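Reading through the structure tokens given below for one structure.
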Amino acid sequence: MRRLITFSVLCCLAVGLVAAAPHTPGPRPTPSPTPFVHLNLPSFESTVLIYPFDTAGELSPKVGVQIAHIFADEFKTLGNFNVLPVPTNIERANFLVNAHTEKADYYIAGYVTPIGQSVAVVTQLVGVESGVILYSQTQEIYGVNDAASLALQCHDALLEISGTKVSVTTTEAPTGAPSAAPTKNGANFNVSHLFAHHAAATARPVAVASVRPERAVILVGIHGQTSLPSSVLNRATTLLTRDLAAHFTVRDGGEAPANLASAADAICGTDRDNTIASGTLTQQHVGGFRPHLYSRFTLQIWTCFGDVLYETTESNDDVAKAILNAVSDYVQTHPSNS
């Protein structure tokens, strides 16, 4: 009996020791991979369309095409936007309609005017939905690197306008070797070299200033009769920008205020030596046997103190000629913009 009790106690102790021993886990079964669903999300990048820049005077149209391709390549390199191919054979009057067709959010266009051994480039960024010029810059350039710099400035401006959020590393200017022009359109174009391909000697040269006056022209939008669509006024402002930029440094002053005399001080700010350019455009259908649109443009140049420095009115069947003639009148009487 005593042996039986002892054996029972030993069995209980053995069971307790086994229960108290640490448990070594065995290998866990490999779980089945969770299915991954690839979502076909649309791109939220804004789409940009860049048109060949218009060229003036004897300057080869190839210059404007090359500048457009430089802009496109720089935008692609810097990223953040979807860049469409540079189109050809699109009339400036159809830029906005074509941009709508291409589903672009913004388009870039401009003008190139020869000045001695350089060119003045007017860059304009337009919102396709509104048709309004959102950014405008005029700068003198000598070659590829300068054109790439213009593209970088325009890219940065569009980043701010569109509200695109990017990290610092993606917005810094590239270092090292400068960007080259696209080889398919002539690598490393040089303005002075392209001037060797002027039009025939019989072409009338364009009178432009080799040295620009220190005083800049602050350009505000053009007023017009209520029946004129905004696209007509925007084009007139673009033409006025181009023609003034051939002679002066042009800065963007935004929309034309209702009372420019009282707003002149705020438009100029601390730089009181500049002038302010504005204008009024009216159009009407005239002619019995040959009906056509007749344009009348009044150019006004104001001082920063709210006084009218100069005013002239030009009329023509072609609104571009009316604006050009008005600017020419001002340049002849006020070549130093003062």
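Partners of LYS76 within straight-line reach, counting aspartates and glutamates whose Cα lies under 14 Å from its Cα and excluding those fewer than 8 residues away in the same chain: GLU45, ASP156.
Within segment 216-300, report the trypsin sites (Lys or Arg not before Pro) that DSSP leaves as loop and that have at most 16 other Cβ atoms within 10 Å. Before the final figure, lay out the partial values.
Values: sites: ARG235, ARG242, ARG251, ARG272, ARG296; in loops: ARG272.
Filter output for segment 216-300: ARG272.
Annotation: aspartates and glutamates with alpha-carbon distance below 20 angstrom to LYS321 (same-chain offsets under eight excluded): ASP54, GLU58, GLU91, ASP243, GLU311, ASP329.
Summing +1 for each Lys or Arg and -1 for each Asp or Glu among the other residues whose beta-carbon sits under 14 angstrom from that of ILE50 gives -3.
For segment 217-333, dividing the convex hull volume of the Cα atoms by the residue count gives 98 Å³ per residue.
For THR333 and ASP265, FRET efficiency with R0 = 30 Å and r from the beta-carbon atoms, rounded to 0.05? The formula returns an efficiency of 0.75 here. Footprinting exposure proxy ranking of GLU91, GLU45, fewest other C-beta atoms within 10 angstrom first, gives GLU91, GLU45.
Only the coordinates and a few stated rules stand behind these numbers; no lab work does. This structure is a prediction, so every number in the text was calculated from the model and none was measured. Backbone-built Cβ (ideal geometry, glycine too); neighbour counts: all protein chains shown.
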